[in-house]
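What follows draws every value from the coordinates through simple rules; no lab data is involved. Note that this is a predicted model, so its numbers are computed, not measured. For neighbour counting, all protein chains shown are included, and Cβ atoms are generated from backbone atoms with ideal geometry for every residue, glycine included.
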């Protein structure tokens, strides 16, 4: 049942309480390496907040969920959008839970630097199903017959400039291909349109800032951010660096695409660099064609 507009108050209070509990947890807990920290009850408590955002803030439309089998494991591969907030990712996860329930195992691979920069948020995300982005965590999930959600483009993708908002940008990362081949799981693309318009990245000046770092300018918190976007967004107006922002209430369309199946699987296939590159190119081409089609339909 669709939540009421006024349900935002109790929904936000639930999330705030969960965040405070995560912030009070011991520093050596919820570190993202264990499959057992995922808590379906926490997921269910977060869902009303996501539902409110889904219906009233982002006005999400979604299709293609018939491509996910009713049981078994898959590797969901998405293109990241919308900065650190990544609203399409959360809306995609909500759709999964609405259709399959919080008990059906799915884990999302999250950049390991989140634990350095936002440790409290990371501990909450772990309870919602986040794992550190590492081959061994994904393999462990597959061995438990769980599905995995990965965004290969990472922070370079999530902060790509506005003119690239409708481009698949995985930054050449092929690890997810090796993972799918080695574990013999189908790749199911998850694309989105609109989420990258919740702010506007003008340019990434990371290479220029990196030169200054090499000349002695320290990184904030002594952590290499990997990107340094200049963007327009709330609440800062003009912001520099991968700092959090409030997404604009832009309508989002998500789509789950048909599975991508390769000719060969197994350890030998995963070790064949030319074959891995060919599979990577195929995934990028298929996802770009699907995204182009979605953008054309929306516009």
To the nearest 0.05, how large is the calculated FRET efficiency for residue 251 and residue 215 if R₀ is 41 Å and r is the Cβ-Cβ distance? 0.40
Note on the stretch 1-125: contact order normalised by length, alpha-carbon pairs under 8 Å, 6 or more apart, percent, works out to 41
Most fluctuating of 32, 216, 153 in the GNM of the chain (C-alpha, under 10 Å) is 216
Going by C-beta contacts inside 10 Å, put 134, 169 in order with the fewest on the left. 134, 169
At what distance in angstrom do the alpha carbon centres of the stretch 1-55 and the stretch 100-155 lie from each other? 15
Per the C-alpha gyration tensor (a ≥ b ≥ c, the square roots of its eigenvalues), the chain is rounded if a/c is under 1.5, else prolate if a/b beats b/c, else oblate; here it's rounded
Relative contact order for the chain: what is it in percent, counting Cα pairs under 8 Å that are at least 6 residues apart? 24
Using the number of other C-beta atoms within 10 angstrom as an exposure proxy, rank 95, 88 with the fewest first. 95, 88
DSSP bridge orientation in the chain - percent antiparallel, rounded to nearest 5: 45
Listed with the fewest Cβ neighbours within 10 Å leading, 287, 164 appear as 164, 287
Taking 8 Å as the Cα distance limit and 6 or more residues as the minimum spacing, I'd like the relative contact order of the stretch 199-246 as a percentage. 40
Assign one of three labels to the stretch 220-299, namely rounded, prolate or oblate, based on the Cα gyration tensor with a ≥ b ≥ c the square roots of its eigenvalues; rounded applies when a/c is under 1.5, prolate when it is not and a/b is larger than b/c, and oblate otherwise. oblate
Compare the peptides 225-235, 9-19, 117-127 by average per-residue count of other Cβ atoms within 10 angstrom and give them in order, highest first. 117-127, 225-235, 9-19
Classify the stretch 112-157 from the C-alpha gyration tensor, please: rounded if a/c falls under 1.5, else prolate or oblate depending on whether a/b exceeds b/c. oblate
Round to the nearest 0.05 the FRET efficiency obtained for residue 4 and residue 65 when R0 = 22 Å and r is the Cβ-Cβ distance. 0.35
Peptides ranked, highest mean first, by Cβ atoms within 10 Å: ranges 49-56, 258-265, 80-87: 80-87, 49-56, 258-265
